[in-house]
1. Average projected area of the Cα convex hull of the chain, in nm²?
2. Place a +1 charge on the Cβ of each Lys and Arg in the chain and a -1 charge on the Cβ of each Asp and Glu, then give the dipole magnitude about the Cα centre in debye, rounded to the nearest 20.
3. Could you point to the residue in 34, 56, 73 farthest towards the positive end of the chain's charge dipole, with +1 and -1 charges on the Cβ of Lys/Arg and Asp/Glu respectively?
Amino acid sequence: MIICKNKLLFLKRKTWYYEIKDNEKRKNKGYPDGGFLNEGDSILVCNVDFTFDGVIKANVLHSKKNIIQIVYQSGDERYYFYE
């Protein structure tokens, strides 16, 4: 499965997300705010950032949380998502 911009995905299991509404406020706290998205929730991929060590950071649109960030290891797409 290839995760790309403007792709609609559904979660296979509870998945941790990070709030990204106010990056400066989050940095000042010293830790990222976040929580869990439920199994079956739908997300729309807004942006995907690939890093050299295989970590993928995706900014996604969620119906209740608005724009959030999901971080996962490259190759784990089928573990977390289905189309």
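1. 5.4 nm²
2. 200 debye
3. Of the options given, the answer is 34.
Where a number appears in this text, it was derived from the coordinates with a stated rule and is not lab data. Values in this document were obtained by computation on a predicted structure and should not be read as measured data. Positions of Cβ are generated from backbone atoms using ideal geometry, with glycine treated the same way; all protein chains shown enter the neighbour counts.
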